[in-house]
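Some notes on the structure that comes next.
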Amino acid sequence: MIHLMREDDDIYQGHINKLREYASDRRITQKKTQGTKVPFQNHVAMIIGPRGRTLSLGRNKLKTHPIQAYWAKRLGKDHKIYLHAETDALIKAMNKHGGPESVYDADILVVRFNKDGDTVSSKPCIICRHMIQSYGLRHVFHT
């Protein structure tokens, strides 16, 4: 089930602040964009487990991954092979917490920030929606 987050949603405001800090981490951003013409990547995601525990954080990346390539190809979007924030967060959670069953019934929060750090509209693409559903995540929250 996909939910649009409201500005007054207190439950996830702490998570949004954590994602804002993650998105603005200059060490990651500079390393990622060095030598390219790609702007600051501000699309981030968080896998949230039971009792609101953060399982992982992810961001859009200029690299590929077999899981991203599989879903892109399956949906006829072969050019969308670069790692999306949702995929990055899922891969990290599964690697860290013991495989696909570790994200089953978890939630995912997808947020995009503008250059001033304000939240702007963000919704998982068709590729990410199919992937999220296949891993059995309970809810998708987005800005």
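Here are some notes:
- Residues in segment 109-133 that a label on Lys73 would reach, taking backbone N under 17 Å of a point 7 Å out along Cα→Cβ: 127-128, 131
- Residue pairs, from the table Lys73/Lys96; Lys61/Lys115; Lys77/Lys115; Lys80/Lys123; Lys73/Lys115, whose Cα atoms sit over 21 Å apart: Lys73/Lys96; Lys77/Lys115; Lys73/Lys115
- Summing +1 for each Lys or Arg and -1 for each Asp or Glu among the other residues whose beta-carbon sits under 12 angstrom from that of Thr64 gives +2.
- Charge context of Cys125, other residues only, Cβ under 10 angstrom, K/R +1, D/E -1: +3
- Multiplying the residue separation of Asp116 and Gln133 by 0.36 nm and removing their Cα-Cα distance gives an extension gain of 2.9 nm.
- Distance (nanometres) between label positions extended 7 Å along Cα→Cβ at Lys123 and Asn17: 2.9
FYI, it's all coordinate maths here, none of it is from the lab. Just so you know, these numbers come straight off a predicted model, no measurement behind them. FYI the Cβ positions are ideal-geometry reconstructions off the backbone, even for glycines, and counts take in every protein chain you see.
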